[in-house]
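> I'd like to ask you about the structure that follows.
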Amino acid sequence: HGVKFQDLLQASQLKFSRHAEVRMQQRGISLKPEQLGQIMNALTQAEAKGAKDSLVLYRDIAMIVNVPSKTVVTAMDGKSAMGNVFTQIDSAVVIS
């Protein structure tokens, strides 16, 4: 039995927790497919280095991402991120 294409596709996609979806809507954050691709590439690199929970900084967006499940746990814009202390992360990824 081979791996189903749909499963492979799902595994390669960034997912968003319900909390992250709500936060992104509240803060007017939206990501285009090519931006999601850049984030996924960065997560692949983070995973290769053993990262589990990463702070991902992309332009003016800060996201906490569970790397193995490729799930955004929460997201905020730069203004909301200022002055925050991020805990329970083991890595940070900065995407330009």
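> Out of all the residues in the range 45-70, which are at pLDDT 95 or above, within 16 Å of ILE29 (Cβ to Cβ) and either more than 11 Å from the chain's Cα centre (by Cα) or β-branched (Val, Ile, Thr) (or both)?
Within the range 45-70, VAL56, ILE64, VAL65 meet the criteria.
> Answer yes if at least one residue in the range 76-90 is modelled with pLDDT of 95 or more and touching an Asp or Glu at 6+ places or on another chain (Cβ under 9 Å), and no otherwise.
The answer is yes, given that some residue of the range 76-90 is modelled with pLDDT of 95 or more and touching an Asp or Glu at 6+ places or on another chain (Cβ under 9 Å).
> Look through the range 68-96, keep the residues that are touching a Gly at 6+ places or on another chain (Cβ under 9 Å) and open to solvent by less than 60 Å² (accessible area, probe 1.4 Å), and return whichever of them is farthest from ARG18 (Cα to Cα).
Filtering the range 68-96 down to residues touching a Gly at 6+ places or on another chain (Cβ under 9 Å) leaves 77, 90-91.
Checking the rest, the ones that are also open to solvent by less than 60 Å² (accessible area, probe 1.4 Å) come to 77, 91.
Numbers: ASP77: 17, SER91: 23 Å.
If we take residues in the range 68-96 being touching a Gly at 6+ places or on another chain (Cβ under 9 Å) and open to solvent by less than 60 Å² (accessible area, probe 1.4 Å), then SER91 is farthest from ARG18 (Cα to Cα).
> Can you tell me how many residues in the range 41-54 are out of contact with any Lys or Arg (no Cβ under 7 Å at 6 or more places or on another chain) and open to solvent by less than 20 Å² (accessible area, probe 1.4 Å)?
4
> Looking at ALA92, ALA42, ALA51, which is the one that is of a type in the set (A, V, I, L, M, F, W, C), assigned to a strand (DSSP E or B) and at negative phi?
ALA92
> Name the pairs whose Cβ atoms lie under 8 Å apart, with the first residue in the range 25-38 and in contact (Cβ under 8 Å) with a residue 12 or more places away in the chain, the second assigned to a helix (DSSP H, G or I) and not hydrophobic (A, V, I, L, M, F, W, C), and 6 or more positions between them or separate chains?
Going by the 8 Å Cβ cut-off, the qualifying pairs are ARG27/SER80; ILE29/ARG23.
The values are calculated or read from the model by the stated rules, or taken from the named source; none is laboratory data. Since the model is a prediction, treat every value here as computed from it, not as a measurement. No Cβ is skipped: glycine too gets one built from the backbone with ideal geometry, and neighbour counts run over all protein chains shown. What goes into the accessible areas is simple: the full protein's heavy atoms, side chains included, and nothing from ligands, DNA or RNA. Shrake-Rupley method; radii C 1.70, N 1.55, O 1.52, S 1.80 Å.
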